[in-house]
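The values are calculated or read from the model by the stated rules, or taken from the named source; none is laboratory data. Just so it is clear, the structure is predicted and the values come from calculations on it, not from any experiment. Glycine gets a Cβ as well: all are built from the backbone with ideal geometry, and neighbour counts include every protein chain shown. Accessible surface is based on the protein model in full, side chains and every heavy atom, while ligands, DNA and RNA are left aside. Shrake-Rupley method; radii C 1.70, N 1.55, O 1.52, S 1.80 Å.
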Amino acid sequence: MDPLPALSRRNFVRLGVSAAALSPLAGLGAQAHAADPGSSGRGGDPWRGLKVGIASYSLSKLPLDAAIEAIRRVGVNYVSIKDAHLPLKSSAAQRKEVARKFLDAGITPLSCGNITMSDDESEIRNVFEYARDAGIPTIVCKPTRESLPLLDKMVKEFSIRLAIHNHGPEDKVWPSPYDPWEAVQSFDERIGLCIDVGHTARCGVDPAEAIRKCAARLYDVHLKDLSAIEVKSRPCEVGRGVLDIRGILQALLDVKFARLVGLEYEKDMNDPLPGIAESIGYERGVLSGMKQG
C-alpha cells in the first residue's frame with residue numbers, strides 16, 4: 001500500500017522537482033542524474049525510455065536562444081520546433097543553423113510544427129524542404145483531406161514522416177485522433193498522426209486508449225493537462241488537472257513509443273518556465289514509479 005496519499009505525493013513531486021528544475025545548475029544536475037546508474041529508471045534513465053521533450057510552441061514568446069536555454073534548464077533533451085523559432089520562410093542555411101543551435105545545447109529536434117497546410121503543391125514542398133534542411137524526421141501538421149494523395153507522393157520523395165494533429169471538437173476536419181487514423185490507412189505508412197491528449201479528451205476519447213489503438217502510426221504526442229474536460233477547458237500544469245497522466249504515460253510505455261512526447265504548455269505564455277518545470281517534474285516523478293513497457 002502506498003504510504004503517501006495521492007495528493008501528498010503529487011505535491012512532493014511538483015514542489016521538489018520543479019524547484020530543482022529552475023535552479024541555475026538544473027541542466028547539469030539532470031544530465032548527471034540520467035548518467036547515474038543508481039538513478040530511477042532502467043539503465044539510469046529517469047524517463048523509462050520515453051523521449052520526453054518540449055514543443056517549442058510552449059516558448060513561442062521567447063526568442064530562440066532564450067527558448068533553448070529554457071529547455072536545457074528543465075533537463076530534457078528533445079524538442080519539436082515551432083515556426084516562431086524557425087520561420088517557414090527561411091533559407092536552407094538558416095534552417096541548418098537553428099538545428100545546430102539546438103544540437104549544440106544537447107537538444108535533438110525530433111519534429112516540427114504544428115504546420116497548417118493548404119492544397120498548394122509548392123507550399124507543401126517548402127514544408128518538406130524545411131524539415132529536410134533542418135534534419136527533422138517528422139512534420140506535425142494539419143493538412144486537408146484532399147491533399148493526402150499529394151502528401152503520399154511527398155513522403156516517398158523525402159522519406160519524412162507526417163503526423164496529422166487532431167485539434168478537438170472545434171476542428172471540422174481532424175477533431176479526434178481516429179479521424180486521421182482512418183483517413184491514412186490506404187496511404188504510405190509514413191503518414192500517421194500526432195495525438196494531442198487534451199484535444200483528444202475534449203472529443204470524449206480516452207487518450208490512453210487512442211495511443212494503444214493508433215500505435216502503429218503514432219509519430220508524435222503533445223502532452224498537457226486540463227483543468228476540466230470541456231469544449232473550452234483551460235490548460236494547466238501537468239498534474240494539477242483532470243487528465244489521467246499516469247494512464248497516458250503507461251500506454252506510451254506499453255506500446256514502446258519511440259518518438260517525441262512533447263510537453264505543450266499553453267498557460268502563462270508570457271512567463272512559461274515555472275509551469276513547464278513543474279509539468280516536466282511531475283512527469284518524471286510519475287515515471288519513476290512505473291514499469292517499463
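Numbers for the structure displayed
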{"quantity": "Filtered residue count, region 179-210, keeping only those that are of a type outside the set (D, E, K, R), open to solvent by 50 Å² or more (accessible area, probe 1.4 Å) and either within 14 Å of residue 230 (Cα to Cα) or in a helix (DSSP H, G or I) (or both)", "calculated": "2"}
{"quantity": "Residue check for residue 242: on the phi < 0 side of the Ramachandran plot and open to solvent by 10 Å² or more (accessible area, probe 1.4 Å)", "calculated": "yes"}
{"quantity": "Scope region 250-268; condition farther than 17 Å from residue 216 by Cα and touching a residue at least 24 places away in the same chain (Cβ under 8 Å); matching residues", "calculated": "262, 263, 264, 265, 266, 267"}
{"quantity": "Residue 45 surrounded by 15 or more Cβ atoms within 10 Å (Cβ to Cβ), of a type in the set (Asp, Glu), at pLDDT 95 or above and closer than 22 Å to residue 276 by Cα", "calculated": "no"}
{"quantity": "Hits in region 107-121 - residues which are open to solvent by 50 Å² or more (accessible area, probe 1.4 Å) and either of a type in the set (Lys, Arg) or more than 16 Å from residue 152 (Cα to Cα) (or both)", "calculated": "108, 116"}
{"quantity": "Any hit, region 233-251, residues being under 21 Å from residue 287 (Cα atoms) and among the polar types (S, T, N, Q)", "calculated": "yes"}
{"quantity": "Test result for residue 227, under 27 Å from residue 73 (Cα atoms) and either among the aromatic types (Phe, Trp, Tyr) or open to solvent by 20 Å² or more (accessible area, probe 1.4 Å) (or both)", "calculated": "yes"}
{"quantity": "So residue 225, is it of a type in the set (Asp, Glu), in contact with a Leu (Cβ under 7 Å, 6 or more places away or on another chain) and closer than 22 Å to residue 53 by Cα", "calculated": "yes"}
{"quantity": "Residues of region 65-82 that turn out to be open to solvent by less than 10 Å² (accessible area, probe 1.4 Å) and within 22 Å of residue 165 (Cα to Cα), as a count", "calculated": "3"}
{"quantity": "Members of region 48-63 that are surrounded by 17 or more Cβ atoms within 10 Å (Cβ to Cβ) and over 19 Å from residue 220 (Cβ atoms)", "calculated": "62"}
{"quantity": "Single residue of 75, 53 found to be modelled with pLDDT of 95 or more and either of a type in the set (Asp, Glu) or in contact with a strand residue (DSSP E or B) (Cβ under 8 Å, 6 or more places away or on another chain) (or both)", "calculated": "53"}
{"quantity": "Single match in 90, 58, 122, 111 (criterion: hydroxyl-bearing (Ser, Thr, Tyr) and in contact with a Pro (Cβ under 7 Å, 6 or more places away or on another chain))", "calculated": "58"}
{"quantity": "Residue match in region 149-162 (condition: of a type in the set (Ser, Thr, Tyr), within 20 Å of residue 80 (Cα to Cα) and either out of contact with any strand residue (DSSP E or B) (no Cβ under 8 Å at 6 or more places or on another chain) or touching a residue at least 60 places away in the same chain (Cβ under 8 Å) (or both))", "calculated": "yes"}
{"quantity": "Selection status of residue 101, surrounded by fewer than 23 Cβ atoms within 10 Å (Cβ to Cβ), out of contact with any helix residue (DSSP H, G or I) (no Cβ under 8 Å at 6 or more places or on another chain) and farther than 30 Å from residue 253 by Cβ", "calculated": "no"}
{"quantity": "Total residues in region 217-240, condition modelled with pLDDT of 95 or more, closer than 20 Å to residue 194 by Cβ and assigned to a loop (DSSP other than H, G, I, E, B)", "calculated": "2"}
{"quantity": "Matching entry among 146, 170 (being in a helix (DSSP H, G or I) and not aromatic (Phe, Trp, Tyr))", "calculated": "146"}
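Yes or no, residue by residue, for (1) part of a helix (DSSP H, G or I); (2) open to solvent by 10 Å² or more (accessible area, probe 1.4 Å):
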position: 123; (1), (2): yes, yes
position: 139; (1), (2): no, no
position: 156; (1), (2): yes, yes
position: 164; (1), (2): no, no
position: 175; (1), (2): no, yes
